[in-house]
Amino acid sequence: MKIFCVGRNYSEHAKELGNALPENPVIFSKPDTALLKNGEDFYLPDFSNDVHYEAELVIKISKMGKKIQEKFASNYYSEIGFGIDFTARDLQSQLKQKGLPWELAKAFDGSSPIGEFSNVKDLQNPIQFSLLKNGELVQNGNSNDMIFSFDKIVSFISQYFTLKVGDLIYTGTPAGVGAVKIGDKLEGFIGDKKMLHCEVK
Ligand code: MG
């Protein structure tokens, strides 16, 4: 399976990192070894001193497709879940300065905790989601604030990559990203429903 991620999909988050708003979705990918399932602990990597959480809604692809038109894109996913796109921000800044790819800062082992999924039909639209760190609200997102919609993202990625059943798309993070340290407890919610739990070790 493949994991895609969208960068800079919420204008307030793009601003907090000093990035311009994109004309097209900013896409990067991670290998399946990045996934952390079933509430597994996240171990801070030794190559970074500034790992940030990024709470994101995640699309699960339910039907194989390529070159999908945006108007048909909703037929290719039936579930949306909650995930974290952990980012080694110090390393990412170095790579960005040099104009190099972000993979080392984004796609490392365990960088993508994934929680539960809900059927799209059961989710209130727009989708409200939030992240608590040690019981305190640190990110509060709403799918209405996405620059590129779920359908636009699915269509765009499928122009370049064949999407297969089970592929995941992390759809970008709202403002409020920040660092984690050993002992932190992260909890992800969609609406009032707890979808993810992850402890930092
Ligand atoms: Mg992200």
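Here's the list of aspartates and glutamates a cross-link from Lys66 could span, going by alpha-carbon distance under 18 Å and ignoring same-chain residues fewer than 8 apart: Asp151, Asp167.
Calculated FRET efficiency, Asn125 and Ile182, Cβ-Cβ r, R0 30 Å, to nearest 0.05? Efficiency at R0 = 30 Å is approximately 0.20. Taking trypsin sites (Lys or Arg not before Pro) across the stretch 78-182, the ones in a DSSP loop with at most 10 further Cβ atoms lying within 10 angstrom of their Cβ are Lys98, Lys181.
If R0 equals 35 Å, the separation of the Cβ atoms of Asn75 and Gln97 corresponds to a calculated FRET efficiency of about 0.25.
With a simple spin-label model that places each label point 7 Å from the Cα along the Cα-to-Cβ direction, the separation between Asn38 and Glu16 comes to 3.2 nm. Straight-line reach only, C-alpha to C-alpha below 14 angstrom: list the aspartates and glutamates that Lys98 could link to, leaving out same-chain residues fewer than 8 apart. List returned: Asp90. Less than 5 angstrom separates the built amide H of Val26 from those of Gly7, all sequence-distant by 5 or more or on a different chain. Under a model in which nothing but the beta-carbon of Lys, Arg (+1) and Asp, Glu (-1) is charged, the stretch 1-86 shows a dipole of about 680 debye around its Cα centre. Note: relative contact order over the chain, using C-alpha pairs below 8 Å and six or more positions apart, is 35 percent. Positive-end ranking of Asn49, Asn144, Ser158 along the dipole of the stretch 39-189, with charges on Cβ about the Cα centre, is headed by Ser158. Ordered by the count of other Cβ atoms within 10 Å of each Cβ, fewest first, Phe86, Phe42 give Phe42, Phe86.
Each reported figure results from applying straightforward, stated rules to the coordinates on display, with no laboratory input. The model shown is predicted, which means the values in this text are computed figures rather than measured ones. Backbone-built Cβ (ideal geometry, glycine too); neighbour counts: all protein chains shown.
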